[in-house]
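Here is the structure we will look at, set down as structure tokens.
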Amino acid sequence: MSGPALERVQVPAVPAKSRRERIALQRLLPFLSLIILFIALTLASPNFFTSTNLSSVVRQTAVINIMALGMTMIMINGGIDLSVGAILAMGGLLGTMAMESGMSIPMGVLVGILTGLGCGLANGLMITHLRVQPFIVTLGTLGIFRGITLIISNGLPVHRIPEQFSYLGEGNLLGVPFVLWILVGCALVTHVILEHTRLGRYTFAIGSNREAAVYAGIPVSFHTTAVYAIGGMLTGLAGMIEASRLMTGQPTAGQGYELQAIAAVVIGGGSLQGGEGSVVGTLVGAFIMGLLSNGSDLLGVSPYLQQAIIGAVIILAVTLDEVRKRRTAAA
């Protein structure tokens, strides 16, 4: 049939108010999950809600948190970085080697940060100039950076570093772990970049629709490279914190950290397809994983089972994100 004989089926529109409420609830879900998990662990273990244990959780999750802040910007841009674990190892190794050679602690930390910046910049330039998918480029540089780190160190850790360097990862300032101050500072700067700068606006635009961003005149290559460079710089800082906690520069450090950083972003509401994510959500996601790991240790859960639990949480978070997107598109 054609013409007037066709009947049009009207799909009832979803009220704007209920749609807004649903979106708000979905955004609050990570926060609610963190609160529920915190209360459950407090009731399950008498050793959980203590200053010593909570301080330990903060120190343990600070490295992943700082890495995940950079990953947030990268994933909002529509990319991904699988090489961050290797960048962390290279930054920590070269920074500690600089201190071993006689450089001051601040200069050693700067070397680690600049190492991460250089690695992130290399990733960004290859992605934008070779026009290869970020997954492939960073999968390749994961092996390259890790291999170079092992060659430089001959596979041996760096031990002869100043004792004062431990303050970066284990010290306290005003009764609060020093790494928490660093994390808060990094989070504030990242939030300002994403929400109040041209780079942040363009990052969201590129991740939402890359072709539209190109037609709008946005310098996509420049801003994509900048995002990867910032992510590398934050990872270099995380590498120095990791080295400070261990008091050694380990060429094998950071193995598997890339998955934890990506998981923190996804659990916190970020999207693997780009265009979505927030600093607060990422921090919540990282702390959820940190609490899961810490609580499992306190309750005597096998570390192998911990990996399975975190993997299941990642799948659940991505599934919820996909369901939300389908419902939004249908509405």
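None of the figures in this text is laboratory data; all of them are computed from the coordinates on show. Computed from a predicted structure; not experimentally measured. Methodologically, a virtual Cβ is constructed for each residue, glycine included, from the backbone with ideal geometry; neighbour enumeration extends over all protein chains shown.
General observations
- Mean separation of Cα contacts under 8 Å, 6 or more apart, over the residue count of the stretch 51-130: relative contact order %: 21
- With a Förster radius of 25 Å applied to the beta-carbon distance between HIS159 and LEU259, the computed FRET efficiency rounds to 0.30.
- Trypsin sites (Lys or Arg not before Pro), loop per DSSP, at most 16 other Cβ atoms within 10 Å - longest free stretch of the chain: 161-331
- One chain, two ends: ALA216 and GLU322. Fully extended at 0.36 nm per residue, the span grows by 35.4 nm beyond their Cα-Cα distance.
- Normalised contact order of the chain, rounded percent, pairs of Cα under 8 Å and 6 or more residues apart: 31
- When the charge dipole of the chain is built from unit charges on Cβ atoms (+1 for Lys and Arg, -1 for Asp and Glu) and taken about the Cα centre, the candidate among ILE182, GLY269, MET103 whose Cα reaches farthest toward its positive end is GLY269.
- Three-way shape call for the stretch 149-230 based on the alpha-carbon gyration tensor, with the a/c threshold at 1.5: oblate
- Top of VAL57, VAL280, VAL189 by mean-square fluctuation, Gaussian network on the chain, Cα under 10 Å: VAL189
- Just checking the listed ones, ILE262, ILE127, ILE144: in the Gaussian network model of the chain with Cα springs under 10 Å, the one fluctuating most is ILE144.
- Spin-label zone in the stretch 74-91 - amide nitrogen under 20 Å from a point set 7 Å from the Cα of THR252 along the C-beta vector: 83-91
- Crossing angle, helix 198-208 versus the chain [Cα axis fit, 0-90 degrees, rounded to tens]: 60
- Net dipole in debye of the chain [+1 Lys, Arg Cβ; -1 Asp, Glu Cβ; about Cα centre; nearest 20]: 900
- Global geometry of the stretch 40-178, whether rounded, prolate or oblate, following the gyration tensor of its Cα atoms and the 1.5 cut on a/c: oblate
- Nearest 10 degrees, 0 to 90: helix 134-153 Cα axis against the chain principal axis: 0
- Shape category assigned to the stretch 209-329 from the gyration tensor of Cα positions, a/c cut at 1.5: oblate
- Cut-off under 5 Å, modelled amide H: who pairs with ASN172 long-range: PHE178
- Max mean-square fluctuation residue, GNM over the chain, Cα-Cα springs under 10 Å, options PRO177, PRO219, PRO30: PRO219
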